[in-house]
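The values are calculated or read from the model by the stated rules, or taken from the named source; none is laboratory data. Because the structure is predicted, anything quoted here is derived from the model rather than measured. When we count neighbours, we look across all protein chains shown, and the Cβ atoms used for this are built from the backbone with ideal geometry, even at glycine.
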Amino acid sequence: MSFLLRVIINAAAIWLATQMLDGLGVVGGEDTGTTVLVYLVVGLVFGVVNAVVKPIVKAISFPLYILTLGLFTLVVNALMLMLTGWLSEQTDYGLRVDGFGTAVLGALIISIVSFILSVAIPGARKKD
């Protein structure tokens, strides 16, 4: 149940980021139901990328985290968002990111919103 809740939180955070930034958007979905499904799939892909790829990148770039006092996290989060966009560009549906600057701002928004929703929703921060 916690995994499904994390996917919904990611989808909500991505939706808010797409509403706030012009260079970030989700393509696909002619009606509301399809659009919601596209956001959920993008949230799932984003969660899988963060669970599989991000720890590897963090381990490799550990010296940069120390050197920048943790600010390199913004770059890694932006790269994970761009990777999610690239993976979803393989289909007609998915996330579109215009550039690295948009990815940095989008990742920052998504991180903040995900954190707030995880704290506000009971059971969202529990590990399965």
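Residue-wise test of (1) at pLDDT below 95; (2) surrounded by 14 or more Cβ atoms within 10 Å (Cβ to Cβ); (3) basic (Lys, Arg); (4) closer than 16 Å to Ala103 by Cα.
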| residue | (1), (2), (3), (4) |
| --- | --- |
| Ile9 | yes, yes, no, no |
| Leu21 | yes, yes, no, yes |
| Gly25 | yes, yes, no, yes |
| Asp31 | yes, no, no, no |
| Val41 | yes, yes, no, no |
| Val49 | yes, yes, no, yes |
| Phe62 | yes, no, no, no |
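Pairs meeting the criteria (first residue in the stretch 82-103 and within 15 Å of Val38 (Cα to Cα), second residue assigned to a helix (DSSP H, G or I) and among the hydroxyl-bearing types (Ser, Thr, Tyr), beta carbons under 7 Å, at least 6 apart or on different chains) are Gly94/Ser88; Leu95/Thr84; Leu95/Ser88. Against the numbered list (1) of a type outside the set (Asp, Glu); (2) over 21 Å from Phe3 (Cβ atoms); (3) in contact with a strand residue (DSSP E or B) (Cβ under 8 Å, 6 or more places away or on another chain), Leu87 comes up short only at (2). Does at least one position in the stretch 68-78 carry a residue that is of a type in the set (Ser, Thr, Tyr) and touching a residue at least 24 places away in the same chain (Cβ under 8 Å)? There is no residue in the stretch 68-78 that is of a type in the set (Ser, Thr, Tyr) and touching a residue at least 24 places away in the same chain (Cβ under 8 Å).
Consider the stretch 93-114. How many of its residues are part of a helix (DSSP H, G or I) and surrounded by fewer than 21 Cβ atoms within 10 Å (Cβ to Cβ)?
Initial filter on the stretch 93-114 (part of a helix (DSSP H, G or I)): 100-114.
Within this subset, residues satisfying the condition of being surrounded by fewer than 21 Cβ atoms within 10 Å (Cβ to Cβ) are 100-101, 104-105, 108-109, 111-113.
Number satisfying all stated conditions: 9.
Is it true that Val36 is under 14 Å from Thr18 (Cα atoms) and surrounded by fewer than 17 Cβ atoms within 10 Å (Cβ to Cβ)?
Values: under 14 Å from Thr18 (Cα atoms): yes; surrounded by fewer than 17 Cβ atoms within 10 Å (Cβ to Cβ): yes.
Criteria met by Val36.
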